1. Measure off 7 Å from each Cα along the Cα-to-Cβ vector at GLN68 and GLN36, then give the distance between these two points in nanometres to one decimal.
2. I need the peptides 11-17, 29-35 ranked by packing, meaning the mean over residues of other C-beta atoms within 10 angstrom, with the highest value on top.
3. Provide the packing ranking of 39-50, 54-65, i.e. peptides ordered by the mean count of other C-beta atoms within 10 Å per residue, highest first.
4. In 10 Å bins starting at 0, how do the alpha-carbon pair distances of the range 3-49 split up by percent?
5. What full-extension length gain, to one decimal in nm, is calculated for LEU9 and LEU57 as 0.36 nm per residue of separation minus the Cα-Cα distance?
6. Quick check on the range 1-79: take the gyration tensor over C-alpha atoms, sort the square-rooted eigenvalues as a ≥ b ≥ c, and tell me if it's rounded (a/c under 1.5), prolate or oblate.
7. If amide hydrogens are placed 1.01 Å from N in the peptide plane, which non-local residues have theirs closer than 5 Å to the one on VAL26?
Amino acid sequence: MQKSFVVTLIFAVFIAIFAVMNSAMVSINLFFASFQLSQAVVILISAAIGAICMYGLSFVQVFSLKKQVKVLNKKLETAEKFSVIEKSADEVPVDSSLNVDATNKSVEGKLAEQSKES
């Protein structure tokens, strides 16, 4: 289980116990209306409204973080593409059948012949 879920559950139990212990009737004045309600119900409604507000705020934060993750993943993909291109350019395959010394000698020989002819 997630630690935050356990903490939230324990907090909810404490709120419920506190609400039951304070069950006297209270007068509620809400703008143009006035009514009698159990204090336990007022406490539970207030806690529920607070939880809904926190959920809304966390939803905005999660949405923002998901957007940031998408942007960073695109940057990472682009960086990986350039990295692969650079690695492939650096790692040019060498044909082992070529004898570099023999090729260099034959080129040097041809250059020497051309210089003698001129």
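Where a number appears in this text, it was derived from the coordinates with a stated rule and is not lab data. As the structure is a computational prediction, the values presented were derived from the model and not from experiment. Please note: Cβ atoms are built from the backbone with ideal geometry, for glycine as well, and neighbour counts cover all protein chains shown.
1. With each label placed 7 Å out from Cα toward Cβ, I get 5.2 nm.
2. Details: 11-17: 12.1, 29-35: 7.1.
My ranking of the peptides, most packed first, is 11-17, 29-35.
3. Working: 39-50: 14.2, 54-65: 9.9.
In descending order of packing, they fall as 39-50, 54-65.
4. Reading upward from the zero bin: 26, 43, 21, 9, 0.
5. Between LEU9 and LEU57, full extension yields 15.4 nm more.
6. Details: a/c = 10.12, a/b = 2.31, b/c = 4.37.
Since a/c reaches 1.5 but b/c is at least a/b, the shape of the range 1-79 is classed as oblate.
7. Here the answer is LEU37, SER38, GLN39, since their amide H atoms fall under 5 Å of that of VAL26.
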